[in-house]
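What follows is one structure encoded as structure tokens, with my remarks underneath.
The values are calculated or read from the model by the stated rules, or taken from the named source; none is laboratory data. Computed from a prediction, not measured in an experiment: that's the story for all the values here. Note: ideal-geometry Cβ built from the backbone for every residue, glycine included; neighbour counts use all protein chains shown. We work out accessible area using only protein heavy atoms, side chains counted, and drop any ligands, DNA or RNA first. Shrake-Rupley method; radii C 1.70, N 1.55, O 1.52, S 1.80 Å.
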Amino acid sequence: MRIDTLITDARIASMVPGDTPYGVIEDGAIAISGNTISWVGERRDAPTAFENAHSLEGRWVTPALIDCHTHLVFAGDRSDEYERRLAGESYAEIAKSGGGIAKTVEATRQANSAQLAAAALRRLEALAEEGVGTVEIKSGYGLTIDSELTMLKAARGAGIASGMRVSPTLLAAHSIPREYQGRSGAYIDEVCIPLVRQAAQEGLADAVDAYCEGIAFSPEETRRLFIAAKAAGLPVKLHADQLSDTGGARLVAEFGGLSADHVEYTSEEGLQAMANAGTVAVILPGAFYSISETQKPPVARMRELGIPMAVSTDSNPGSSPMVSLLTAANMACTLFGFTVEEAVAGMTREAARALGLQDKLGTIETGKIADLAVWDIERPAELVQWIGRRPLHGRILEGEWV
Ligand code: DI6
Ligand code: FE
């Protein structure tokens with residue numbers, strides 16, 4: 001195979017599980033052919049025929065980071081809610097009084113696709129400066145057929161404008177809109193399920209998500225939605241057990257779901273189901289921190305059970321107003337007891353798995369897409385230790401420097 005670029009003089013944290021932490025190759029080389037990694041190994045064994053060579057001058061290289069749970073398409077502002085929480089109201093109380101997600105829905109319904117994409121682009125750029133190459137973006141602030149479709153299109157548009165890979169998720173079952181108050185089942189049947197079918201037919205979403213919680217949708221409603229998603233050929237994931245144990249993790253695992261996200265209140269039974277199904281736990285410490293939650297996700301037990309763990313920003317205007325994946329990784333370690341290696345895997349290999357992209361992304365391995373992040377650091381742990389530092393030297397996406 002013709003090699004377009006041979007990257008040399010690289011300290012590679014391949015994130016391939018194996019004998020060395022981080023899958024390290026100390027004096028490594030990476031061959032890129034088109035958009036694909038065609039060879040990885042020790043520099044002394046590297047192929048000798050290639051078009052261009054590019055020395056990283058001893059810098060570290062990891063897979064480009066992946067933020068696998070965001071709500072970064074939205075309009076409006078929720079800083080009033082922050083002040084209310086500081087004054088003692090809880091996230092759930094604010095939601096029940098008509099604030100919270102409902103406030104963002106009002107603003108988002110007023111915005112057009114171009115406005116939404118422009119606002120999302122700024123947030124994507126903040127993630128890009130930290131080495132992120134792939135971002136999942138959920139709908140869920142439109143809550144009508146038209147405005148959910150507008151959000152999905154805005155997510156794609158922002159992705160194209162940013163040069164990043166965006167994986168859109170349909171989250172119509174995020175909140176019960178005011179016109180369906182007291183009729184959440186009708187909202188599932190009349191809006192969410194038709195949207196699932198349309199999004200699948202038109203290729204507008206890669207997965208279906210829901211918010212299964214006391215302040216949102218019941219397990220029975222979530223199940224109906226998941227049945228429709230499966231019938232339409234779309235994988236499912238779930239905001240599960242964030243504020244209480246609703247059995248959400250067990251439910252999404254039963255459907256072979258990609259991920260159960262938040263999982264602070266997940267029971268032992270739910271964890272067993274996730275382990276059996278291979279469902280990824282997506283840990284969202286920014287939301288835990290921002291809403292002053294005290295119940296931590298059961299990280300030690302998940303580790304014991306071999307549940308894959310990803311870490312993500314949950315970037316949104318209410319419960320997790322953050323555009324820093326490295327800060328989320330730092331929080332996962334300091335607040336929840338992740339090891340640094342687990343945090344880096346959680347932003348790369350396991351985040352790819354949470355998106356069903358584990359065959360294409362998330363490690364530096366032959367055959368994977370050449371999405372890489374190059375860093376000015378001495379050790380991988382520096383990536384996670386610091387808050388607010390951006391040690392990125394540059395990104396290679398689909399084989400090209402950006
Ligand atoms: N859980 C979350 O963390 C976000 N959505 C959800 O269901 C919060 C979204 C928001 O507060 O706007
Ligand atoms: Fe979320």
May I ask you to list the residues in region 287-326 that are more than 11 Å from ligand 1 (Cβ to nearest atom), crowded, with 20+ Cβ neighbours inside 10 Å and among the polar types (S, T, N, Q)?
-> Ser324
Listed residues Gly337, Gly318; which is within 18 Å of Gly140 (Cα to Cα) and at pLDDT 95 or above?
-> Gly318
Give region 345-368 a look and list any residue that's open to solvent by 30 Å² or more (accessible area, probe 1.4 Å) and either without any contact (Cβ under 8 Å) to a residue 40 or more places away in the chain or not charged (D, E, K, R) (or both), or say none.
-> Gly356, Leu357, Gln358, Asp359, Lys360, Thr366, Gly367
Inter-residue pairs, beta-carbon under 9 Å, first within 16 Å of ligand 2 (Cβ to nearest atom) and in region 140-152, second of a type in the set (D, E, K, R) and open to solvent by less than 10 Å² (accessible area, probe 1.4 Å), 6+ apart | Gly140/Glu148; Gly140/Asp209; Tyr141/Glu148; Gly142/Glu148; Met151/Lys138
May I ask you to verify whether Ala229 is part of a helix (DSSP H, G or I), more than 16 Å from ligand 2 (Cβ to nearest atom), crowded, with 24+ Cβ neighbours inside 10 Å and under 20 Å from the mean Cα position of the chain (by Cα)?
-> yes
Across region 261-286, what is the total count of residues that are open to solvent by 10 Å² or more (accessible area, probe 1.4 Å) and among the hydrophobic types (A, V, I, L, M, F, W, C)?
-> 3
Candidates Ser167, Ser184 - the one that is away from ligand 1 (no atom under 16 Å from the Cβ) and among the small types (Gly, Ala, Ser) | Ser167
Provide a single number: the residues in region 324-353 that are hydrophobic (A, V, I, L, M, F, W, C) and more than 13 Å from Leu65 (Cα to Cα).
-> 7
What are the residues in region 65-95 that are under 21 Å from Leu284 (Cα atoms), open to solvent by 30 Å² or more (accessible area, probe 1.4 Å) and part of a helix (DSSP H, G or I), if any?
-> Ser79, Tyr82, Arg85, Leu86, Glu93, Ala95
For Lys237, all conditions in the list (1) among the charged types (D, E, K, R); (2) surrounded by fewer than 21 Cβ atoms within 10 Å (Cβ to Cβ); (3) within 16 Å of ligand 2 (Cβ to nearest atom) hold save one; what is the number of the exception?
-> (2)
Selection from region 235-262 of residues that are part of a loop (DSSP other than H, G, I, E, B) and closer than 22 Å to Asn316 by Cβ | Pro235, Asp241, Gln242, Leu243, Ser244, Thr246, Gly257, Leu258
Considering region 236-254, residues that are hydrophobic (A, V, I, L, M, F, W, C) and more than 10 Å from Met274 (Cα to Cα), and then whichever is farthest from ligand 1 (Cβ to nearest atom), we arrive at Val236
Between residues in region 242-270 that are free of Cβ contacts under 8 Å to residues at least 12 places away in the same chain and residues that are surrounded by fewer than 24 Cβ atoms within 10 Å (Cβ to Cβ) and of a type in the set (Val, Ile, Thr), which pairs lie under 7 Å by C-beta distance while being six or more apart or on different chains?
-> none
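Residue by residue, here is whether (1) more than 12 Å from ligand 2 (Cβ to nearest atom); (2) modelled with pLDDT of 95 or more; (3) under 27 Å from Glu106 (Cβ atoms); (4) not aliphatic (A, V, I, L, M) holds:
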site	(1), (2), (3), (4)
Ala253	yes, yes, no, no
Glu268	yes, yes, no, yes
Ala273	yes, yes, no, no
Ala277	yes, yes, no, no
Glu293	yes, yes, yes, yes
Pro298	yes, yes, no, yes
Glu304	yes, yes, no, yes
Val311	yes, yes, no, no
If you check every pair at least six apart or on different chains, which have Cβ atoms under 6 Å apart with a residue in region 203-220 that is closer than 17 Å to Gly270 by Cβ and open to solvent by 10 Å² or more (accessible area, probe 1.4 Å) first and a residue that is assigned to a loop (DSSP other than H, G, I, E, B) and of a type in the set (D, E, K, R) second?
-> none
Of all helices (runs of 4 or more DSSP H) completely enclosed by region 96-170, which ones contain at least 3 residues that are in the same structural domain as Ala199 (by TED's automatic domain parsing), over 18 Å from Asp206 (Cβ atoms) and open to solvent by less than 10 Å² (accessible area, probe 1.4 Å)?
-> 101-110
